[in-house]
1. When you look at residue 118, is it without any contact (Cβ under 8 Å) to a residue 12 or more places away in the chain and in contact with a strand residue (DSSP E or B) (Cβ under 9 Å, 6 or more places away or on another chain), yes or no?
2. What number of residues in the range 187-210 are surrounded by 15 or more Cβ atoms within 10 Å (Cβ to Cβ) and at pLDDT 85 or above?
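The values are calculated or read from the model by the stated rules, or taken from the named source; none is laboratory data. What you are looking at is a predicted structure, and each value in this text was computed from that prediction instead of being measured. Cβ coordinates were reconstructed from backbone atoms using ideal geometry, including for glycine residues, and neighbour counts include every protein chain displayed.
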């Protein structure tokens with residue numbers, strides 16, 4: 001009887017699905033992806049993880065309202081290789097901030113958020129990627145496809161990224177993104193020096209003068 005039950009159980013046991021070669025290759029490529037921003041911490045801080053995640057969300061919303069910069073998602077990691085009360089902030093996999101925090105909620109949140117704000121501003125060129133730029137382009141294109149078509153004839157995605165980053169570094173807002181793109185189009189098109197029309201920094205200088 002027991003042997004028959006074992007046989008039935010073996011028959012009903014689902015077979016392990018083997019991944020195809022393409023799926024395995026896809027997994028390898030996905031493993032190369034690096035987070036633009038990440039916060040990692042040791043075991044003593046894990047109980048505050050939900051609060052850290054919530055405050056980071058509020059920080060991203062505040063940045064959006066203030067500057068129009070939508071920060072990519074920030075990964076929050078419990079890294080067992082860190083000391084129990086250690087906190088790290090990473091930009092593209094590189095540690096840019098390290099602290100040993102008192103395991104108290106208010107102290108930890110202040111340490112993370114204050115330093116995250118400074119790090120985001122200082123490392124904006126690494127955080128504001130071409131992928132982020134394309135999202136702004138897609139947003140403007142929904143409002144005015146001709147505007148994007150006209151700009152892209154002159155300035156590539158990498159150039160638009162440099163313009164937007166330069167504006168943000170100057171403390172200006174890109175929240176009115178359609179207006180910003182209108183100005184990019186205006187100065188790129190009106191410049192009679194052909195080489196200058198492709199210089200994102202010269203275009204950025206002109207655009208910044210029109211922003212509050």
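1. yes
2. Number satisfying all stated conditions: 11.
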